[in-house]
Amino acid sequence: MPEAELHHALTIALIVLAVPTFLVLLWTTAPYGRHARGGWGPTIPSRAGWILMECPAVLFFLAIYFAGAHRFDLTPLVFCAIWQLHYVHRTFVFPFRLRIGGKRMPISIPLLGMFFNAMNAYVNARWISELGSYPASWLADPRFIVGALVFLTGLAINLHADTVLIHLRKPGESGYKIPTGGMYRFVTSPNYLGEIVEWIGWAILTWSLPGLAFAIYTTANLAPRALSNHRWYQEKFPDYPRERRALIPFVK
Ligand SMILES: NC(=O)c1ccc[n+]([C@@H]2O[C@H](COP(=O)([O-])OP(=O)(O)OC[C@H]3O[C@@H](n4cnc5c(N)ncnc54)[C@H](OP(=O)(O)O)[C@@H]3O)[C@@H](O)[C@H]2O)c1
């Protein structure tokens, strides 16, 4: 099969996979963090799990990107930098910011995450540096400018929301409190909202099917968890703000 066809098939597979992912996660919440529970097989330290899970999105992405014919063209390089801006932080900085003590996660979580990240990294990196075509003038295109603004807005929301959560705990603490301020005034999981907005921005700025596939899959993965988190807060805290929604301000 020619590579372009294989790449297209994998991109479509990512979109199709979003459907069972969404349905399964509505039915059962991934067992890490506040939803951790036994019965999911061997575990590893959560910090190591995060690094393992996310590293294909940095390293495999770079390997695929730099194998492409357009690797030194301006626009693909800017795309690569935007992608890595998110993933270098998520893989090598974020896990060390977490105040999670010795918490562990089932190894199946990072293994599944690695599979998804590797597939997604291939589909997006191969597109931007080989199969897609982006002249330098793309950087002045309204789709790039709007998409980049959407991406940066999502990144800011995601980083701020995660920082609020991290600082709810003093060093050594492991319990849960009600987060406040910023987008927490409106939703329970602004970190997930920011993440989804980021990858919608990526889909717009690359104006590509691989970008759209990633945005759809991210939404399918995070929307059910936002609903679970919302229910969890409502059950755990009787004084949880009633006007706060799960993921989409004023809607749901
Ligand atoms: N692209 C994707 O598909 C994808 C998938 C998953 C995650 N992510 C991103 O990865 C990041 C982390 O995700 P996550 O699911 O781990 O987020 P999370 O459940 O909101 O937790 C983030 C961190 O804050 C702590 N925390 C959460 N709520 C707290 C509270 N009420 N009081 C005190 N500490 C609290 C958690 O501790 P505990 O671990 O002890 O609960 C964890 O260390 C987010 O930015 C998310 O967008 C992306």
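Details
- Taking the conditions (1) farther than 24 Å from residue 101 by Cα; (2) at pLDDT below 95 in turn, residue 203 satisfies each one other than (2).
- Hits in segment 181-235 - residues which are among the aliphatic types (A, V, I, L, M) and in contact with an Asp or Glu (Cβ under 8 Å, 6 or more places away or on another chain): 222
- Evaluation of residue 41 against (1) open to solvent by 40 Å² or more (accessible area, probe 1.4 Å); (2) under 23 Å from residue 148 (Cβ atoms); (3) of a type in the set (Gly, Ala, Ser) (one fails), failing number: (2)
- Checked against (1) within 13 Å of the ligand (Cβ to nearest atom); (2) more than 30 Å from residue 167 (Cβ to Cβ); (3) open to solvent by 60 Å² or more (accessible area, probe 1.4 Å), residue 8 meets all criteria but (1).
- Index of the failed condition, residue 41 passing every other in (1) away from the ligand (no atom under 16 Å from the Cβ); (2) in contact with a Gly (Cβ under 8 Å, 6 or more places away or on another chain); (3) not hydroxyl-bearing (Ser, Thr, Tyr): (2)
- Any hit, segment 50-63, residues being part of a loop (DSSP other than H, G, I, E, B), under 17 Å from residue 206 (Cα atoms) and at pLDDT 95 or above: no
- Residue list for segment 195-217, restricted to those being open to solvent by 10 Å² or more (accessible area, probe 1.4 Å) and either within 24 Å of residue 175 (Cβ to Cβ) or of a type in the set (Ser, Thr, Tyr) (or both): 208, 217
- The residues of segment 157-182 that are surrounded by 14 or more Cβ atoms within 10 Å (Cβ to Cβ) and away from the ligand (no atom under 12 Å from the Cβ) amount to a single one, 182.
- Residue 113 open to solvent by less than 60 Å² (accessible area, probe 1.4 Å) and over 19 Å from the mean Cα position of the chain (by Cα): no
The values are calculated or read from the model by the stated rules, or taken from the named source; none is laboratory data. Note that the coordinates shown come from a computational prediction; the quantities given were computed from them, not determined experimentally. Glycine gets a Cβ as well: all are built from the backbone with ideal geometry, and neighbour counts include every protein chain shown. Only protein heavy atoms, including side chains, enter the accessible area calculation; ligands, DNA and RNA are left aside. Shrake-Rupley method; radii C 1.70, N 1.55, O 1.52, S 1.80 Å.
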